[in-house]
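Enquirer: Take this structure, written in structure tokens, and hold onto it; I'll ask about it next.
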Amino acid sequence: MMRLAAAVLVAILVGFPVSVMPGPPVTWLAAVALVMAGAGVALLSVTLVTVGASLALIAYTIALVIVQPAVDPVAAIGIAVTLVILLALVHFADRVHGAALGPGVIATQVRQWMAIVAAGALAAATLTMVAALLGAALATATLPMVVAAAALGALLTVAGVIALTTREDPPRVS
Amino acid sequence: MSWRPTALNVSFLTLAGWALFLGLLTGRADLVVIAIPLIVALAAGRRTAAPSPVQIHHAVSAERVLEDERLTVTVTIRAEGAAPLVELLEPLPPRVELERGSHHAFFSLRAGEEVGWEFVLRCGSRQRLRLGGPHVRLWGPLGLAAGEARFRAPQTVAVYPHLTSLRHPPRPVRTQTYVGNHVSPAQGEGIEPGDIRPFAPGDHVRHVNWRATLRHGALHVTQHHHERNADVVLLLDTLSDVGPPGASVVDAAVRGAADLAAAYLARKDRVGLIEYGGQLRWVKPGSGRAQFQRLLDTLLDASVVFTYVTRDLDLVPPRILPPQALVLALSPLLDARFVRAASDLTARGFDLVVIAVSPAPAARAAVRPSPVADLAARLWDLERRAELDAHRRRGLSIVPWDGVGPLDAALASLSRPRLRRTLAR
């Protein structure tokens, strides 16, 4: 059941770049992404799913660069939500494979995932709106400056996340 | 217990990094937007508060079971705070199979909630089963952080060999002084009639043999034999072993020894045990249920211990190996030291019966079936028959047993001298 849900998410993920540009070379790369992610779902391997998702992301980028459509934040948030749920689902399915599940385990997990995904989507929507408002103010700024500022911001964000995830809490013996 | 990041963080960071990199490379805002929920998930998945303590109670249904019996393990978990995902894993010891349920489980607990978890194990072969308690792992949201601990509740379960009743255990040639089930050559109180002799003052009237009295014209009485017990010493060969754990020759010999001990103790005999191997261990002959428990506990630990030192049975004190005892040796007769020891006991006048446990079935269980293995097994069988015949010619009383079939059937072929006739000579 969890494999089926993950397979549906893989199909949705691969469908995004194909919907932007339904033709070569995007379809080829999307097919490779589908195979890799599909194998990851079948084997419950997060690594393979990550590789497949990365390929799907590259295919989406190529499609955007070739077709040059208008910016679509809704589709972007959709891709991000799919990625988050797909990774969490495959990881969870791998952990619980062959184990007994107590009552309410899956419901609790789904609730948690939905809360985090909703927070992420809300943050993305808010930042998109803020960026749209700031667009007018930054119209006079040169592109390299904006890119440098964005890169620095991204770097600080990633560094902050790594610092958060690697910090050890004081031990608490149960 | 403390939270630690899991490998899933790398996947999230990889995809967020790809989205940001491609966004900056192409100047497309869509790709930067994709990275935002991934980064939010990374931040949200990280747990900052310490995991809520979890209390675990671990219990087993029995401390002593027989082979192939079921053992129920019950684990009760109680969380003081909310624990959205608790993972429990009880490592299974070797030669134990999961009969029902799972030894790996996930639970979602609310604050103060208590959940019970139960699974059934089948204990395959004799051993001291050590259950150390489950590993506990608390998972954070999305599986991005986990806290681990080991709940230590060491519990030992004794898995004794499965017992089969024996109807024809070898009859001892010599008896002891205590009341038992064996007919003694000594005359006295008993139910087994013996010789007839003329009446003497002091004889009971109920012993008068009226038929002999009428025939001889004078009072005659029937004498009776005592029913006495015997000393039986089980000599277990642990110098060599063949076969996979749980189905080896020593395991078969241990099962046979347990069956013999149960049979003789039920006949009120005194039973002792000598483990003749790398370490020489023994149990003094005794009777009763406590003695049976002692023997089973000693048999449970019987195994091959490698040593360069060869010990002799001369080291065994006479109270452990009484001269009048029936010695039942269980051995594959693969080690020349044991054959020497058995021959030495026979030469010293001990009443010795060797139950030769065949190593072929145990060896066959350890190798893949093939025509070559079949041929090798047949050749080995022929070779063993020749060896056993040679031992018989040297005076050893040998009963071949394949270690798989019933021991009773193998012992039925053993012809033993009747007790009275032996001593009458």
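Enquirer: Please go through segment A:87-98 and pick out each residue that is under 18 Å from residue B:38 (Cβ atoms) and facing chain B (nearest Cβ under 7 Å).
Expert: A:87, A:88, A:91, A:92
Enquirer: While we're on this one: Look at segment B:302-359 and say how many of its residues are in a loop (DSSP other than H, G, I, E, B), without any contact (Cβ under 8 Å) to a residue 40 or more places away in the chain and surrounded by 14 or more Cβ atoms within 10 Å (Cβ to Cβ).
Expert: The total comes to 2.
Enquirer: Which members of segment B:18-31 meet the condition of being facing chain A (nearest Cβ under 7 Å) and under 22 Å from residue A:126 (Cα atoms)?
Expert: B:18, B:19, B:20, B:22, B:24, B:28, B:29, B:30, B:31
Enquirer: Same structure, new question: Kindly indicate whether residue B:133 is more than 23 Å from residue A:92 (Cβ to Cβ), within 20 Å of the chain's Cα centre (by Cα), more than 9 Å from chain A (Cβ to nearest Cβ) and at pLDDT below 85.
Expert: Considered against the rule, which asks whether it is more than 23 Å from residue A:92 (Cβ to Cβ), within 20 Å of the chain's Cα centre (by Cα), more than 9 Å from chain A (Cβ to nearest Cβ) and at pLDDT below 85, residue B:133 comes out as no.
Enquirer: Hey, another quick one. Does any residue of segment B:84-99 turn out to be more than 40 Å from the chain's Cα centre (by Cα), over 22 Å from residue B:245 (Cβ atoms) and not β-branched (Val, Ile, Thr)?
Expert: Yes.
Enquirer: Report whether or not residue B:5 is at pLDDT below 85, closer than 21 Å to residue A:107 by Cα and facing chain A (nearest Cβ under 7 Å).
Expert: no
Enquirer: Considering each residue of segment A:39-70, count those that are farther than 23 Å from residue A:4 by Cα and modelled with pLDDT of 90 or more, and give that number.
Expert: Number of matching residues: 6.
Enquirer: Which pairs have Cβ atoms under 6 Å, sit 6 or more apart or on different chains, and link a residue in segment B:389-414 that is of a type outside the set (Lys, Arg) to one that is exposed (fewer than 14 other Cβ atoms within 10 Å of the Cβ)?
Expert: Pairs found: B:398/B:392; B:408/B:167.
Enquirer: Here's another thing I want to ask about it. Can you report the number of residues in segment A:1-43 which are in contact with a Lys or Arg (Cβ under 9 Å, 6 or more places away or on another chain) and surrounded by fewer than 20 Cβ atoms within 10 Å (Cβ to Cβ)?
Expert: Summing the residues that are in contact with a Lys or Arg (Cβ under 9 Å, 6 or more places away or on another chain) and surrounded by fewer than 20 Cβ atoms within 10 Å (Cβ to Cβ) in segment A:1-43 gives 1.
Enquirer: Still on this structure, please answer the following. From the set of residues in segment B:216-275 that are assigned to a strand (DSSP E or B) and among the acidic types (Asp, Glu), which is surrounded by the most Cβ atoms within 10 Å (Cβ to Cβ)?
Expert: Checked segment B:216-275; the qualifying residue surrounded by the most Cβ atoms within 10 Å (Cβ to Cβ) is B:237.
Enquirer: Something else: Report yes if residue A:73 is modelled with pLDDT under 90 and at the interface with another protein chain (Cβ under 7 Å from one of its Cβ atoms), otherwise no.
Expert: yes
Enquirer: Considering only segment B:46-85, how many residues are among the small types (Gly, Ala, Ser) and within 7 Å of chain A (Cβ to nearest Cβ)?
Expert: The total comes to 1.
Enquirer: Name the pairs whose Cβ atoms lie under 8 Å apart, with the first residue in segment A:28-49 and more than 19 Å from residue B:13 (Cα to Cα), the second of a type in the set (Asp, Glu), and 6 or more positions between them or separate chains?
Expert: A:44/A:94
Enquirer: Taking residue A:84, is it touching a Gly at 6+ places or on another chain (Cβ under 8 Å), surrounded by 12 or more Cβ atoms within 10 Å (Cβ to Cβ) and more than 7 Å from chain B (Cβ to nearest Cβ)?
Expert: No: the conditions fail for residue A:84.
Enquirer: In segment B:74-87, which residues are closer than 16 Å to residue B:155 by Cβ and in contact with a Pro (Cβ under 9 Å, 6 or more places away or on another chain)?
Expert: B:75, the sole residue that qualifies.
Enquirer: Does segment B:6-18 contain any residue that is in contact (Cβ under 8 Å) with a residue 24 or more places away in the chain, within 57 Å of the chain's Cα centre (by Cα), closer than 16 Å to residue B:136 by Cα and surrounded by fewer than 16 Cβ atoms within 10 Å (Cβ to Cβ)?
Expert: No, segment B:6-18 contains no residue that is in contact (Cβ under 8 Å) with a residue 24 or more places away in the chain, within 57 Å of the chain's Cα centre (by Cα), closer than 16 Å to residue B:136 by Cα and surrounded by fewer than 16 Cβ atoms within 10 Å (Cβ to Cβ).
Enquirer: Condition first: among the hydroxyl-bearing types (Ser, Thr, Tyr) and within 17 Å of the chain's Cα centre (by Cα). Now tell me which residues in segment B:100-130 satisfy that.
Expert: Hit for segment B:100-130 is B:125, nothing else.
Enquirer: Let me ask something additional. Quick one: which of B:137, B:211, B:197, B:167 is outside any strand (DSSP E or B), free of Cβ contacts under 8 Å to residues at least 60 places away in the same chain and over 27 Å from residue B:319 (Cβ atoms)?
Expert: Only one candidate passes the filter, namely B:211.
Enquirer: Just to be sure I understand the filter: pairs with C-beta atoms under 6 Å, separated by 6 or more residues or on different chains, first member in segment A:110-135 and at pLDDT below 85, second member surrounded by fewer than 15 Cβ atoms within 10 Å (Cβ to Cβ). Which pairs pass?
Expert: Correct list of pairs: empty, since none qualify.
Enquirer: Being small (Gly, Ala, Ser) and over 23 Å from residue B:182 (Cα atoms) narrows it down to one residue among B:256, B:288, B:278; which is it?
Expert: None of the other options fit; the residue is B:278.
Enquirer: So which residues in segment A:103-160 are outside any helix (DSSP H, G or I) and either crowded, with 16+ Cβ neighbours inside 10 Å or within 11 Å of chain B (Cβ to nearest Cβ) (or both), if there are any at all?
Expert: A:103, A:104
The values are calculated or read from the model by the stated rules, or taken from the named source; none is laboratory data. Computed from a predicted structure; not experimentally measured. Methodologically, a virtual Cβ is constructed for each residue, glycine included, from the backbone with ideal geometry; neighbour enumeration extends over all protein chains shown.
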